[in-house]
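K.L.:
Just dropping this structure here.
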Amino acid sequence: MTIRYLIALLALAAAFAAPARAAAVPGKDVPVVDKIEAAGLPTGRHDFYLSVAARASGQPYLVPVIVLKGAEPGLRLGLFAAIHGDELAGIRVIHELAAGIDPKTLKGTLLMVPGLNQPGLEAGNRHFISGSGSGFRTDLNRTMPGEMKGDAAERYAADLWHGVMAGQVDRVVDLHTQTRGTAYPLFVFADFSNAVARQMAFDLMPDMIKNDPGEGGTVETTFMKSGIPAVTFEIGMPERFDPALTTRAHDGIINLMRRAEMITGRAMPPARQPIVGSSYSNVTTDEGGLAVIHVALLDPVKQGQLLATLYDPFGREIATYRAPHEGHVLSVATDPRREPGAMLVRILR
Ligand SMILES: [Zn+2]
């Protein structure tokens, strides 16, 4: 037995004999708070966990919050991501903004939540999932501003609203993606009846914009009702960080911050004008099957143009689907499996 072999053997024995090391807890140095109070914070970056609505185990959900407090007073911009728990792109956008913006050169406050729906994030699901009723699923983005005396999802929404949203911001960009099995380009929902929201939509430099009054219970409409201009920013597909789109979304938010004079530099007009519409139609399946989509995002389409073909399990054609009107392709199915009534193509006009 050589000395070297003996040393190696002793080291191996020592490794097995060593006591279990405590697991490192990422972010364990982050303070846990019940409410974000950005106004009183000094210049710099501040990370918090917002404690939200206790679970059945008695433990609270911890929602990450990043505050960049500028050296000078100015606008307070709120960026919220993943209220739909599988729509992850906005989380990456927030992380890049937090890493890249120096609070010493910032005017105002950037308040960012990279993960509003923690139970949805954990489960890889759009919805808030509660233990009640063998797992109720609630769309938090139809539940805002929540209800303090409501069910678990409504209380969670209310804790978010009162803990990190209401009274904290002057402008809001709520970050989303299309739902699972489908894709958007870079796309903004905005209510043009509010001139500031309209300008925000263009400043984000998306491929497409839909002007509409929004749906009840969303982050966007809840802020708009309380007098805060807000838009919904859709960044491609769920369940991924696509650098091409997250970089463009990041740059759009930087552009919006320049317009708001939060950071220096001139707001740029977009390199390419977005396609703007005020309505869209969903082309949906009549029965279940496997779809081949014949158009791509942003394609112009004419009325009657072939959009999709549906096949049965043997590859036999079931049906073809055509454009009901002219417009541009806003969304396509990326998952070929289509249930009856599922979207194949969405056309903006
Ligand atoms: Zn969404």
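None of the figures in this text is laboratory data; all of them are computed from the coordinates on show. Since we're looking at a predicted model, the values are computed, not measured. Positions of Cβ are generated from backbone atoms using ideal geometry, with glycine treated the same way; all protein chains shown enter the neighbour counts.
K.L.:
If the reach is capped at under 14 angstrom between alpha carbons, list the aspartates and glutamates near Lys107, excluding any in the same chain fewer than eight residues apart.
P.N.:
Glu72, Asp170, Glu261
K.L.:
How much length is gained on full extension from Phe192 to Leu290, taking 0.36 nm per residue of separation minus their Cα-Cα distance?
P.N.:
The Phe192-Leu290 span can extend by a further 31.5 nm.
K.L.:
Among DSSP bridges having both ends in the chain, what percentage is antiparallel? Round to the nearest 5.
P.N.:
Here the share of antiparallel DSSP bridges comes out near 65 percent.
K.L.:
From the Cα trace of the chain, what convex hull volume per residue do you get, rounded to a whole Å³?
P.N.:
Cα-based convex hull of the chain, divided per residue, equals 224 Å³.
K.L.:
Can you compute the helix-only [θ] at 222 nm over the chain? Use -39500 (n - 2.57) per DSSP H run of at least 4 residues, normalise by all residues, nearest 500 deg cm²/dmol.
P.N.:
-6500 deg cm²/dmol
K.L.:
Return the whole-Å distance between the Cα centroid of region 187-232 and the Cα centroid of region 44-71.
P.N.:
One Cα centre to the other: 26 Å.
K.L.:
For region 104-112, in order, what is each residue's ³J(HN,Hα) by Karplus, 6.51 cos²θ - 1.76 cosθ + 1.60 with θ = phi - 60°, in whole Hz (x at glycine and Pro)?
P.N.:
Values, residue by residue: 5, 9, 9, 9, x, 9, 10, 10, 10 Hz.
K.L.:
A follow-up question, please. Got a sec to turn the phi values of region 289-301 into Karplus ³J(HN,Hα) couplings, 6.51 cos²θ - 1.76 cosθ + 1.60 with θ = phi - 60°, whole Hz, x for Gly and Pro?
P.N.:
x, 10, 9, 10, 9, 9, 10, 10, 3, 6, 4, x, 10
K.L.:
Which whole-percent values make up P(r) of region 164-221 when all C-alpha to C-alpha distances are grouped in 5 Å steps starting at zero?
P.N.:
Histogram of Cα-Cα distances, whole percents per bin: 4, 16, 26, 26, 18, 7, 2, 0.
K.L.:
Run the Debye formula on the Cα coordinates of region 227-335, all scatterers equal and no solvent, and tell me log10 I(q)/I(0) at q = 0.22 1/Å.
P.N.:
-1.27
K.L.:
In addition: From the C-alpha gyration tensor of region 279-348, pull out the three semi-axes of the equivalent ellipsoid (sqrt of 5λ each), sorted largest to smallest, in whole Å.
P.N.:
Computed over region 279-348, the values are 20, 11, 10 Å.
K.L.:
For all pairs of alpha-carbon atoms in region 180-288, what percent lies in each bin of width 10 Å, listed from the first bin to the last filled one?
P.N.:
Once binned at 10 Å, the Cα pair distances of region 180-288 give 14, 41, 35, 8, 2, 0.
K.L.:
Straight-line reach from Lys149: which lysines fall under 27 Å, measuring Cα to Cα and dropping same-chain residues less than 8 apart?
P.N.:
The reachable lysines, counting only those whose Cα sits under 27 Å from Lys149, are Lys35, Lys225.
K.L.:
What is the order of Phe136, Phe80, Phe189, Phe202, fewest Cβ neighbours within 10 Å to most?
P.N.:
The fewest-first ordering by Cβ neighbours comes to Phe136, Phe202, Phe189, Phe80.
K.L.:
Another question about this same structure. Compute the signed sum of charges (Lys and Arg +1, Asp and Glu -1) over the other residues within less than 9 Å, Cβ to Cβ, of Lys107.
P.N.:
Spelling it out: positives minus negatives among the neighbours equals -2.
K.L.:
Work out the P(r) tail for region 93-244: percent of alpha carbon pairs separated by more than 26 Å, whole number.
P.N.:
More than 26 Å apart: 28 percent of the Cα pairs in region 93-244.
K.L.:
Taking the Cβ of each residue in Thr138, Thr179, Thr143 as the centre, tally the other Cβ atoms inside 10 Å and list the residues starting with the fewest.
P.N.:
Ordered by Cβ neighbours within 10 Å, fewest first: Thr179, Thr138, Thr143.
K.L.:
Could I ask something else about it? Normalized C-alpha radius of gyration of region 17-147, against 2.2 N^0.38 Å?
P.N.:
1.20
K.L.:
Quick one: check the C-alpha center-to-center distance for region 83-150 versus region 247-302, whole angstrom.
P.N.:
The distance from the Cα centre of region 83-150 to that of region 247-302 comes to 21 Å.
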